[in-house]
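What follows is a single structure, written as C-alpha cells, with notes after it.
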Amino acid sequence: KSTMGAPFVYATISAPENLSRLDEFREIQRQLADPRLLGAGNARVPARNRRDARTSNADENVRAPSDRKARALIARGKTIVLITCGIHSTEVGSTLSSTLIAHRLASSNEPEIQEILRNTIILLVPSLNPDGVDIVKNWYDKTLGTPYEGTEPPELYHKYVGHDNNRDWYAFTQVETQLTVDHLHNAWHPQVVHDIHQQGAFGSRLFLPPYMQPVEPNVPRKIIEGYTELGNWMAGEMRKAGFQGITTNSTYDAWTPARAYSHYHGGVRILSETASARIASPRTVKFEELSSREGYDPKKESENFGPVWRGGEWKLGDITNYMTTAAFQLMKHAAQNRERWLTRFYEIGKEAVRPRKDGELSGFVVKRNKNQEQVLAFFVRAFERAQIEFWSNDGPRKVLVGGRRLTTNDLFIPLQQPYGGFAKALLESQAYPNLKDKSGAPIPPYDVTAHTFSLLTGISVNRVYLLPKYVVERGRETDFPDIALSWRDGAPNEPPVAALYRSSVPSMDEGWTRWIFEWGPMTQGWSYASIGDKEIRSGELAKDKRGRRLLAIIIPDQSPNAILNGHRKGSMPEEYTGGLGEKGVKALREFVEAGGTLVCLNRASSFAIEQFKLPVKNVVDGLPRTDFYVPGSILRIELDTSHPVAKGMPKESIAWFENSPVFEVAGSAGILPAMSAQREQKDADNTSAVPVKIIAWYPRDKDPLLSGWLLGGDRLKGKAALVEVSYGKGRIILFGFRPQYRGQSLATYPLLFNAISGRN
C-alpha cells in the first residue's frame, strides 16, 4: 500500500516460458550481483546471502572459478529492465505510457516485441506515487473547462514530500521508496532502469543520457559506459525515425545518489525527460519562446541537440509517443545485447568485491554512542536497506582493523562488498568541482551538492586504510531493533501543540516537517496542528481547533513573497490566493507579543525580518553568484550550548545551507557566544528594547565547508546562523538553515524540537 493506502503495483512482463521460471532467473541475478558467491574476491560470503543446499548450489559456487561459473549463468540469464513511471504526478504522460507499453508487449506478434519478451524480463511500475495520480486527476477534473485548467493542485502531490520523493533514494524515508527498493531493486538487481519523467515545456522535446558533468566519483566506470552507450543509441535511433528536439549530455547530471540508487547497485539508470503540456491539456509553443538550458540551445542544431523542433501545438499524445518510443528502443537494446548487459553487470560486482591493496581505503569504522542509539538505528536501517554489510564484535568472531581489535560498540563497513561504493559515497565528504562558465559565473548543479549521510545524522565515522599484514575477520552482522516512533496524537497529558503553517502555495519543507512529526525518528511526543492562511488571518491563534493552547507556530522554508502574498489573484481559484497578507502578519505579531514563539526556517526567516522589522540583516541577500554561492551544501556551525535551543547539542554541528540567509545583528561588530545586542525597534504598534541572542554562528577561523560546494566562504565567517529575538512577551527564532532537511539532518533535529518546546 502507498502512504495513503492506495494499491502499489507493478507488472512482470516476459515470454510465457520465462514467467514460468522467475525464481530461477532471480537466483541467477542474485549470484551475478554478488560475485563472492562464485568465488570472486576471496571474501567470506555473508550468511544472509547464502541459500540452503537443498535449493541452491551456493557452496559449489563459492569453490568454482568465478568467471567460468558467471559465463554459464550469463548464458542462461535474461536482461532485467525496470521501468518506473509517475514519481512526479503532474508528469501524467509516463503513467499513461505505462499502459501503452504493457498493452503492446502483451498483445503484439511483431518479431521485435517477441525478441524483447524472449531475452528480457520487464518490471513495469505504472506509478511510483499512486496517491499523486488521484490528487492531480481530481484537481484536473475540478478545473477542466475553467480558467485554471492545466494548473498544478494547491497541495503537495505526495502527501508529505511532493517532488522530493525522487530525492529519497539513500535515506529511504518514504513508503513508496521502501517498496520499490525492497521488492524490485533488491529482489531483481536490474541491469537497466528506465526512469520516465517530464520536464518544462520550453526546452528540448526529449532528454536522454549521457549526463552532463560532474558524475559522482563513486559511480563505477562501467555504469558510465553503459548509460552513455545506451542513451546515445536511443537518441540516434529516434532521430532516424524523425523525432525532433532531442538532447543528450545536457541539463541533468549524475552527481547525487539521492536520485540514482541503481548506479551504485550495478544498474544503468536511463533518465528520460519529455517536454510537458498543461497537465493533460494541449499547449501551443512558439519557436521564439524556446529557451536554452545548460548545455544546448533548442533553436540551434548542435552535436548534442537536434533536429530542431520549430514549435507548434504540443499534446499529451506527443508526450506518450516520445515516451513509448524511447522505452521500446531501450528494451530493444537490452534484448539484442543480453549477454553484454549481463557481463557488464557481473564485472561491476567483481570489481566491487576485489581484495584491497596495501595503503588503499578499506572501509569505515562507525562509532557507536549510547546517547545516539535511535539516530544510529535510523542510519543503520538505511544502509541495511541498501544491502550494505556491517560487521560488529558482539559475536563469536572478532573484527580486527589494522591488526587491532574493533571495540565492542563500534561497527565496521568494509568496502570489499558488492555495494561498498554506495557506502563510500554517503560516508565521505563531497568536493563538488568548481565549475564556471565563460563569464566566470558558477554553473549550477541540477540538484544539491552534498549527501554525506554521516554528517547529516551526526554519526562519527573514521576511514580505515589497508596496512601490511592487515587482517579482517567477520564479526556478527548487526541486529538493531526497529526504530520506535514516539509521535502521539490526542494522547492524555500531551504537551501544548505547535502549529505548522501550511501555505496555499505548497511547500515541500512543510511536508517534510509534517512527516517528521508523524513518522520521523527522534520526535518528542509532540502533537501538532496544521494552520493555513485563513486561520491565521482570522486572528484566533491562542488555541488550535481542538481547543489546545498553542505554544509555537512554525513557518517552514518558503520565499517571503509566497508566504505574504500566496498565489496572485486570477492564477488560482479565489480561496487559494492572497497568502497571509497584512491581517495574517498582524495576527502573528499579536501571537508573539502575547507570549507565543514564532519559529522561522531558512527563507521564512527573511519574511519575519521584513514584516516584524527585526534588527537582523541578511548579509548575503542580493549578492551575485560570482561573489557568493552555496547550492545545497553542509556547513560547519558553532553553538552556544548554554542556550535552551542548543540544549544537549555538541559545541560544533552542521547546517544544511540552500538558499539560506546569513545573519548579522544590527550594530554588532562580530559574533560571539551568547552575545546580545540591544536595539530599539520602532513600528506602528510598538517601541521597546529588543534583545537578540545568537545561538549558532559560522566559525571565524575554520573553513565553513564540510561537504559540497561553497563560493565566497569568507562572507560567512563569524556571522550568525541561528538567532533568538525577544518580541513583546514572546520570541522569534530565526533559522538560517533547514534543521530538518528532507528528513535526513537528524543532527539538527534537536534544535527544532528545543525551539518549539519552551524556554527551559
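The packing ranking, built from the mean of other Cβ atoms within 10 Å per residue, places the peptides 273-280, 576-583, 183-190, 78-85 in the order 78-85, 273-280, 183-190, 576-583, highest first.
Per-residue packing, averaged as other Cβ atoms within 10 Å, sorts the ranges 97-108, 708-719 into the order 708-719, 97-108, beginning with the highest. The listed residues 161, 92, once ranked by accessible area (1.4 Å probe) with the largest placed first, stand as 92, 161. Taking a ≥ b ≥ c as the square roots of the eigenvalues of the alpha carbon gyration tensor, region 210-261 is prolate, as a/c is not under 1.5 and a/b beats b/c.
For region 35-40, the Karplus equation 6.51 cos²θ - 1.76 cosθ + 1.60, evaluated at θ = phi - 60°, returns couplings of x, 4, 5, 9, x, 6 Hz by residue, with Gly and Pro reported as x.
For residue 659 and residue 299 in the same chain, what is the full-extension length gain: residue separation times 0.36 nm, less their Cα-Cα distance, in nm?
Values: separation 360, 0.36 × 360 = 129.60 nm, distance 3.12 nm.
That works out to 126.5 nm of additional length.
Provide the convex hull volume over Cα atoms per residue for region 338-397, in Å³. Mind dumping the intermediate values first?
Values: hull volume 8.5 nm³, N = 60.
Taking the convex hull of the Cα positions in region 338-397, it is 142 Å³ per residue.
Can you list the DSSP H helices in the chain whose Cα atoms extend at least 27 Å along the helix axis and whose mean Kyte-Doolittle hydropathy is -0.5 or higher? Write out the running numbers ahead of the final one.
Values: long enough: 221-240 (29 Å, -0.82); 316-336 (30 Å, 0.05).
Sorted by number, the helices that extend far enough and score high enough are 316-336.
Find out how many positive minus negative residues lie around residue 113, taking Lys and Arg as positive, Asp and Glu as negative, among other residues whose Cβ is under 13 Å from that of residue 113. In short, 0.
Remark: the Cα gyration tensor places region 543-599 in the prolate category, a/c being 1.5 or greater and a/b exceeding b/c.
Residues whose amide H falls under 5 Å from that of residue 443, counting only those 5 or more places apart or on a different chain, are 435, 436, 437, with hydrogens built in the peptide plane.
Quick one: of the DSSP bridges fully inside the chain, what percent are antiparallel, nearest 5?
Approximately 60 percent, going by the DSSP bridge assignments.
Taking the alpha-carbon centroid of each part, what is the distance from region 228-253 to region 70-124 in angstrom? First find each Cα centre; the distance between them is then 19 Å.
Net length available on complete extension from residue 241 to residue 288 is 14.4 nm, with 0.36 nm assigned per residue and the Cα-Cα distance removed.
In this structure, the residue pairs whose Cα-Cα separation is over 22 Å, taken from 651/717; 545/729; 586/613; 222/350; 651/719; 543/569, are 545/729; 543/569. Could I have the simple spin-label model distance between residue 104 and residue 358, label points 7 Å from Cα toward Cβ, reported in nm to one decimal? In this crude label model, residue 104 to residue 358 measures out at 5.8 nm.
Could you tell me which of rounded, prolate or oblate describes region 257-302, using a ≥ b ≥ c as the square roots of the eigenvalues of the alpha-carbon gyration tensor, with rounded for a/c under 1.5 and, failing that, prolate when a/b is larger than b/c and oblate otherwise? The partial results should precede the final answer.
Details: a/c = 3.74, a/b = 1.77, b/c = 2.11.
Oblate, since a/c reaches 1.5 and b/c is not below a/b.
Any chance you could check the Cα centroid distance between region 360-374 and region 300-323 for me, in angstrom? Result: 50 Å between the Cα centres.
Sorted from greatest to least, the principal axis extents spanned by the alpha carbons of region 264-398 come out as 70, 43, 29 Å. Here's the picture: charge each Lys and Arg Cβ at +1 and each Asp and Glu Cβ at -1 in region 169-306, and of 197, 186, 246 the one pushed furthest to the positive end of that dipole is 246.
Taking label points 7 Å from Cα along the Cα-to-Cβ direction, residue 625 and residue 4 give a separation of 3.5 nm. Ignoring aspartates and glutamates fewer than eight residues from residue 159 along the same chain, the ones with Cα atoms less than 16 angstrom from its Cα are 131, 134, 168, 176, 509, 510, 518.
Computed extension gain for residue 582 through residue 15, at 0.36 nm per residue and net of the alpha carbon distance, reaches 197.7 nm.
Our helix-only sum for the chain, with -39,500 (n - 2.57) per DSSP H run of n ≥ 4 divided by its residues, gives a mean residue ellipticity at 222 nm of -8500 deg cm²/dmol.
The values are calculated or read from the model by the stated rules, or taken from the named source; none is laboratory data. Remember, predicted model here, so these are calculated numbers, not experimental data. Methodologically, a virtual Cβ is constructed for each residue, glycine included, from the backbone with ideal geometry; neighbour enumeration extends over all protein chains shown. Areas reflect the complete protein model, heavy atoms only, side chains present, ligands, DNA and RNA absent. Shrake-Rupley method; radii C 1.70, N 1.55, O 1.52, S 1.80 Å.
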